[in-house]
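Structure first, then comments.
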Amino acid sequence: MPRLMRSDRVRVRSQAIGAMSSQSVVERLRDQWRGSPPVAQLLESLEAYAGGNPLDDCAILAECLTSTATARRLLSPLIDGLCAALRDHPFAHVPLRHRFARGVSVLELVRSAGASMSLVVYETAAFDGREAAPSIAFADEERHELCLSGAGSGRIATVVGEREDRVVLDVRSLAFEQQSILAFDCSSSRIIDRVDGHLAILRLARLPQSPGPTREFRLSDGRLLHCASGCRRDSRDEMAVALLGRMNRRDAAEPLAAIACGKGAEHLRWQAVRNSLALDSLVGFAALEVLVGKDGDELSVPAAKLYRQLVEQYPELARTEKQPCLT
């Protein structure tokens, strides 16, 4: 690798120092905004909301989610200040949690425990050439939204009945325009199908202490398509379990069997038994037998169904020597 000339090293170091000083500029703007009296009151209100208080009892927070004038008055110093600073300091990055994908931007403004307020912006490009969404997801969270600017259309779906593997959905058309106010819980959700130019939404979300799973249903018949843990920790553990399976780590079969037969989230344990079976069929099958025999366990019924399918397809599994499952 060719060595940099002294002048080049000086220039690179200067650019690095400039980037660091640029970042301090935007971080200072963020801290000044959070320390301003109106935002300090908002943070106190958000903390009370995160602690379980109803939104109506959190005056400033409730006003932000019902009045575009109040929301803009609180957000303008931050947004305008950051935009101006980023124009002058292009090496800096936004000092707030954010993401952008396929024409959808999310900027987390403030957070307290399980509650957060975010600015979500949808662009027309996110919907160009895209077919109407065939499914909808329901998360176990309380969510309030206020349309700050722009317009669009979509659908709102509410679960009005449940069966074994599907739900009954009430789906209605939904128009987004400035000052539109929406509220959702675990039984209601919405889809945006079209945006005229852009759509800016202020979103307040609160998770319960032990959130239930996020479920995705097909709109045409309400059939369950996917189910995922609503807990970030469980989701992280599920990903680790799936990764061990994809890596073909046979040494992980027994630890995964122990997770499956122990206590914990239903989805994590089911993921563990599936990957244990894939890594070592004897170890995984022994774990499956333990689950079948655990009365009152939420996995005993699906475990019995899988057990019958495996024995029917592979009769030799039922004749193998029993191996205890580690617990």
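Brief remarks follow.
- Selection of trypsin sites (Lys or Arg not before Pro), region 100-137, meeting DSSP coil and at most 15 other Cβ within 10 Å: Arg102, Arg130
- Computed magnitude of the charge dipole of the chain (debye, nearest 20; Cβ of K, R +1, Cβ of D, E -1): 1380
- Using C-alpha pairs below 8 Å separated by at least 6 residues, the relative contact order for the chain is 13 percent.
- Selected from Leu207, Leu282, Leu46 as most flexible by GNM, with the chain as the system and alpha-carbon contacts under 10 Å: Leu282
- Cα lying deepest toward the dipole's positive end in region 134-205, options Leu182, Leu146, Leu199, charges on Cβ: Leu199
- Between Ala260, Ala69, Ala157, the GNM of the chain built on Cα springs shorter than 10 angstrom shows Ala69 fluctuating the most.
- Close amide H contacts of Arg194 (hydrogens built in the peptide plane, cut-off under 5 Å, sequence separation of 5 or more or a different chain): Ser153.
- Residues in region 182-202 that a label on Ile156 would reach, taking backbone N under 18 Å of a point 7 Å out along Cα→Cβ: 182-195, 200-202
- The length gained by stretching the chain between Ser76 and Glu312 to full extension, at 0.36 nm per residue less their Cα-Cα distance, is 78.5 nm.
- The residue list Ser173, Leu224, His267 was ranked by how far each Cα lies along the charge dipole of the chain toward its positive end, using unit charges on Cβ atoms, and His267 comes out on top.
- Cβ-placed point charges (K, R +1; D, E -1), dipole of region 75-225 about Cα centre in debye, nearest 20: 180
- Springs between Cα atoms under 10 Å define the GNM used for the chain, and in it the highest mean-square fluctuation of Pro95, Pro213, Pro54 occurs at Pro54.
- Taking every protein chain into account, the accessible area of the chain amounts to 58 square angstrom per residue (probe 1.4 Å).
- Positive-end ranking of Leu279, Val104, Gly81 along the dipole of the chain, with charges on Cβ about the Cα centre, is headed by Gly81.
- Label point of Glu131 set 7 angstrom out along Cα-Cβ; within region 216-232, amide nitrogens under 16 Å from it belong to 218-221.
- Here the spin labels are modelled as points 7 Å beyond Cα on the Cα-Cβ line, and at Asp170 and Glu27 they lie 5.0 nm apart.
- Cα gyration tensor, region 133-278 - rounded (a/c under 1.5), prolate or oblate: prolate
- Using θ = phi - 60° in the Karplus curve 6.51 cos²θ - 1.76 cosθ + 1.60, the 3J(HN,Hα) couplings for region 300-313 round to 5, 5, x, 5, 5, 5, 5, 4, 4, 5, 5, 5, 5, 7 Hz; x is entered for Gly and Pro.
- Cα-based shape type of region 54-137, given that a ≥ b ≥ c are square roots of the gyration tensor eigenvalues and the cut on a/c is 1.5: oblate
- The length gained by stretching the chain between Ala183 and Asn53 to full extension, at 0.36 nm per residue less their Cα-Cα distance, is 45.2 nm.
- Helix-only [θ]222 nm of the chain, DSSP H runs n ≥ 4, -39500 (n - 2.57) each, per residue, nearest 500: -13500 deg cm²/dmol
- Mean separation of Cα contacts under 8 Å, 6 or more apart, over the residue count of region 11-164: relative contact order %: 23
- Identified option (computed mean projected area of the Cα convex hull in nm²; candidates [x] 17.6; [y] 15.4; [z] 24.2): [z]
- The accessible surface of the chain, taken with every protein chain in place and a 1.4 Å probe, is 53 percent carbon and sulfur.
The values are calculated or read from the model by the stated rules, or taken from the named source; none is laboratory data. Only a predicted model underlies this, so the values are computations on that prediction, with no experimental measurement involved. All Cβ positions, even for glycine, are placed from backbone atoms using ideal geometry, and neighbour counts span all protein chains on display. Ligands, DNA and RNA are stripped out before the accessible areas are found, and what is left, the full protein with its side chains, is counted by its heavy atoms. Shrake-Rupley method; radii C 1.70, N 1.55, O 1.52, S 1.80 Å.
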